[in-house]
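Each remark here refers to the structure printed beneath this line.
Computed from the coordinates by the stated procedures, all read-outs in this text should not be read as laboratory data. Just so we're clear, the structure is a prediction, and the values are computed from it rather than from any experiment. Every residue, glycine as well, gets a Cβ built from its backbone with ideal geometry; the counts of neighbours run over all protein chains shown.
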Amino acid sequence: MLQKIKRLSMQPWGWGLVVLSCLALLGTALYFQYGLNMQPCIKCIYVRSAFAGVLLAGIIGLLAPKTALLRIVALAGMLAAAIFGILQAYELLEIEQLLAEGGFFSCALFAEFPTWLPLDKWLPAVFEPTGSCGDTSWQFLGESMAFWSAFALWGYAAVAAVLLLSQFARISNNPYRG
């Protein structure tokens, strides 16, 4: 079974699906920001950067799906970015719940990206926080954007974890073995 999953990870169409889905999600985020004037908070920006990390990992995998080292790097990067995003989305969900219960919370106004990766300086139109935390004005099926972001990131994390595990399976060239 792991051999079949490993073979799937070597196909460019799977990586293309990761890239296209991330582009769609990031495009949707930008539409919400610029089309619907829903300004992103710092946590939203961190979740957005996690999707950008998954996108970058997908591009690496798409460029060299047959190269084991790059495929493993792409899968590990995808898993790490997804986990980071899940943690940020959960923090935002906690903030939303606190505010819904009548509590008070104030989040940071400026992003704290590493000095070697200042996304908010390089691409401020995409990664600069301009809103406050806890806005749940948009909902789908009764759930906020933070919930759906965590949901999507859990999907990426699960796929990356299974594919990463499969990389340690040995593919047999024997036509009589599955």
| query | Full extension from residue 137 to residue 68: what is 0.36 nm times the residue separation minus their Cα-Cα distance, to one decimal in nm? | reply | 20.4 nm
| task | Would you mind checking segment 45-82 for residues with the amide N under 19 Å from a putative spin-label position 7 Å along Cα→C-beta of residue 30? | result | 45-60
| query | Leaving out same-chain residues fewer than 8 places away, which aspartates and glutamates sit with a Cα under 15 Å from that of residue 6? | reply | none
| said: At 7 Å along Cα-to-Cβ for each site, give me the label-to-label distance between residue 154 and residue 20 in nm. | reply: 2.5 nm
| Anchor residue 43: lysines whose Cα lies under 19 Å away (excluding residues fewer than 8 positions away in-chain) | 121
| In terms of the Cα gyration tensor, with a ≥ b ≥ c the square roots of its eigenvalues, is segment 93-160 rounded because a/c is under 1.5, prolate because a/b exceeds b/c, or oblate? | oblate
| Taking GluC sites (Glu not before Pro) as exposed when DSSP calls them loop (any state but H, G, I, E, B) and at most 12 other Cβ atoms lie within 10 Å, what is the longest stretch of the chain free of them, the sites themselves excluded? | 1-100
| Distance between modelled label sites at residue 122 and residue 59, nm, 7 Å Cα→Cβ extension | 0.9 nm
| remark: What the Cα atoms of the chain span along the principal axes, largest first and in whole Å, is 64, 34, 27
| note | Given Cβ charges of +1 for Lys and Arg and -1 for Asp and Glu, the option among 168, 107, 129 whose Cα lies farthest towards the positive end of the dipole of the chain is 168
| remark: Partner lysines whose C-alpha sits under 28 Å from that of residue 4, ignoring same-chain residues fewer than 8 away, are 66
| note | Dividing the mean separation of Cα pairs under 8 Å (6+ apart) by the residue count of the chain yields a relative contact order in percent of 31 percent
| message | I want to verify a result. In a Gaussian network model of the chain, Cα cutoff 10 Å, which of these has the top mean-square fluctuation: 151, 110, 140? | response | 140
| task | Relative to the longest principal axis of the C-alpha atoms of the chain, give the angle of the C-alpha long axis of helix 12-30, reported between 0 and 90° and rounded to the nearest 10°. | result | 0 degrees
| message | Could you give me D for segment 1-60, from Stokes-Einstein at 25 °C and 0.890 mPa s, where the hydrodynamic radius is the Kirkwood radius over C-alpha pairs? Units µm² s⁻¹, please. | response | 191 µm²/s
| remark: Candidate cut points under trypsin sites (Lys or Arg not before Pro) in segment 43-120, DSSP loop plus at most 11 other Cβ atoms within 10 Å of their own Cβ, are 66
